[in-house]
Each structure stands twice: as C-alpha cells, then as structure tokens.
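The values are calculated or read from the model by the stated rules, or taken from the named source; none is laboratory data. What you see is a predicted model; the values in this text were computed from it and never measured. Cβ placement follows ideal geometry from the backbone for every residue including glycine, while neighbour counts extend to all protein chains displayed.
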Amino acid sequence: MKSQNVVYIQPLLAHFIQLFYEASKNKQIFLTTHSPEVVRYCKEEDIILVIRNEQGDSSLEKPIEKDIVKTFLENDLTMESLFIDNLLEA
C-alpha cells in the first residue's frame, strides 16, 4: 500500500512546488525541507543550504556555486542524490 501512495504523492508534490514558483514571481518565498523528494523538483540554482559551524553560527551556501557539486552534476549525479548522500556540503 505504501508504494501506491508514492505514485500519487509525486505528481502532487511536483504541482505543489510549481505553485510555489508561480507565487514567488511577486514575492519571496522560503521553503525549508529535509526531504530529497522536494529537492528533486526545485531548480538547482534555487537550492540554498543553511550550514552550522562548530560554534553554532549559521551561514547560507548555494551548492550549485561549488566546483565539486558542478563536477558531480556534470557526471550525471542529481542534486537529489547529492542531498541524500550528504555531498552538497562537500
């Protein structure tokens, strides 16, 4: 039963993300997630990570701007798979 639910959730999630993109034409929207499925439907240039250092300070990073991430993507890895394998902070 669970795998059947995934079949229905994926198109809904894609539509949900598209609605966010449409709404963001007139305003700024932040969507936070720990879900690789959400990352799958976002544009690579729109993904921003919040990184916390050892002192507890946070900074924002765009993974697409890192050379190692660009190399991974050029070699047919997806942003979603890099997210799952925790390679976006590399």
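Yes/no matrix, rows are residues, columns are (1) modelled with pLDDT of 95 or more; (2) surrounded by fewer than 13 Cβ atoms within 10 Å (Cβ to Cβ):
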site	(1), (2)
V38	no, no
N53	no, yes
S58	yes, yes
I64	yes, no
L77	no, no
D85	no, yes
A90	no, no
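In segment 70-90, what residues are more than 16 Å from H34 (Cβ to Cβ) and within 13 Å of the chain's Cα centre (by Cα)?
T78
Search segment 1-30 for residues being of a type in the set (A, V, I, L, M, F, W, C) and not in a helix (DSSP H, G or I), and hand back the single one that is modelled with the lowest pLDDT.
M1
When residues of segment 66-75 are filtered for being charged (D, E, K, R) and surrounded by 12 or more Cβ atoms within 10 Å (Cβ to Cβ), how many remain?
Number of matching residues: 2.
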